[in-house]
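Please treat every number below as a calculation from the coordinates, not as lab data. This is a predicted model, so every value here is computed, not measured. Cβ atoms come from the backbone with ideal geometry, glycine included; neighbour counts cover every protein chain shown.
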Amino acid sequence: MNQNLHMPVNLRTERLSLRAFEPTDVDDVWTYASDPEVTHFRPLPDPYTRDDALDFVKRQILTDWSTNPEFAIVFGPRVIGGVSLHVSVENETAEVGYLLGRPWWGRGLATEAARAVVGWGFRHFGLHKVYARAHVNNQRSWRVMERLGMTREGVLRGHWKMRDEHVDLVYYAVFRDEWTLPTDSCEDQVSSGAT
Ligand SMILES: CC(C)(COP(=O)(O)OP(=O)(O)OC[C@H]1O[C@@H](n2cnc3c(N)ncnc32)[C@H](O)[C@@H]1OP(=O)(O)O)[C@@H](O)C(=O)NCCC(=O)NCCS
């Protein structure tokens, strides 16, 4: 397991660079997250204002990388989404979450980013299991989970309250010894802190 658990890292995949969020990312985040189709299945403010994007980026910059690494997905010159891991150190588990701006859907970029982060999470934190949850109707999201080799373990009934409605979630997971996807991403330790 990596000793520098508090330090942000950069990951590089074939098409993407994954790094800590930076103050200059606010407008990119606002652009993709203010699209109602992107927030439809997420418990995010609607409408999503520039101040919401500013608050989000501030929280990402202050995040504790030893438990909540938050990666901005960089494609070409801009940030097009994010991938997060919420680690439970005592259980050796983590939840992965991802979001991509709509112009970049349908190209395998979310799967490429999530695959790099989950593979890194297994190595870096010595995780036993990584899981993901999504609104039961968010088929795009659970298809990402399936492309990651996750197994649907069940449905969590009425588990999130979204826009005054209690909605069901699908729950998918993969164990470390089931993780067979190639780890073709490169990793660089970042020398300065995220703050
Ligand atoms: C969930 C979300 C990230 C999925 O994005 P996506 O683009 O569908 O997922 P991927 O990047 O894995 O792309 C898969 C698509 O690209 C295609 N594709 C093209 N090249 C590919 C490649 N090299 N590898 C994998 N898929 C590829 C697949 O066939 C698939 O297309 P299809 O949807 O027409 O079947 C996106 O819909 C999103 O951000 N939604 C809003 C936020 C959200 O709901 N997040 C999840 C919360 S739990």
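Details
- Under 5 Å, built H, 5+ apart or other chain: amide partners of PHE21: ALA72
- Integer Hz, Karplus 6.51/-1.76/1.60 couplings in order for region 22-29, x for Gly and Pro: 10, x, 6, 8, 4, 5, 5, 4
- 13 Å beta-carbon shell around LEU169, net charge (K/R +1, D/E -1): +1
- Relative contact order of region 42-195: 18 percent, from C-alpha pairs under 8 Å at least 6 residues apart in sequence.
- Residues LYS58, LYS129, LYS161 arranged by fewest to most Cβ contacts within 10 Å: LYS161, LYS58, LYS129
- Longest segment of the chain lacking GluC sites (Glu not before Pro) that sit in a DSSP loop with at most 12 other Cβ atoms within 10 Å: 91-195
- Using the rule -39500 (n - 2.57) for each DSSP H run of four or more residues, divided by the residues of the chain, the 222 nm mean residue ellipticity is -7500 deg cm²/dmol.
- Cα convex hull of the chain, projected area averaged across orientations, nm²: 10.6 nm²
- Charges were assigned to the Cβ only: +1 to each Lys and Arg, -1 to each Asp and Glu. The resulting dipole of region 9-132 about its Cα centre is roughly 460 debye.
- Under the criterion of Cα pairs below 8 Å and six or more residues apart, the relative contact order for region 9-132 equals 25 percent.
- Taking the charge dipole of the chain about its Cα centre, with +1 at Lys and Arg Cβ atoms and -1 at Asp and Glu Cβ atoms, the residue from ILE80, THR49, PHE175 reaching farthest to the positive side is PHE175.
- Electrostatic tally near VAL87: other residues with Cβ closer than 14 Å to its Cβ, Lys and Arg +1, Asp and Glu -1, net -2.
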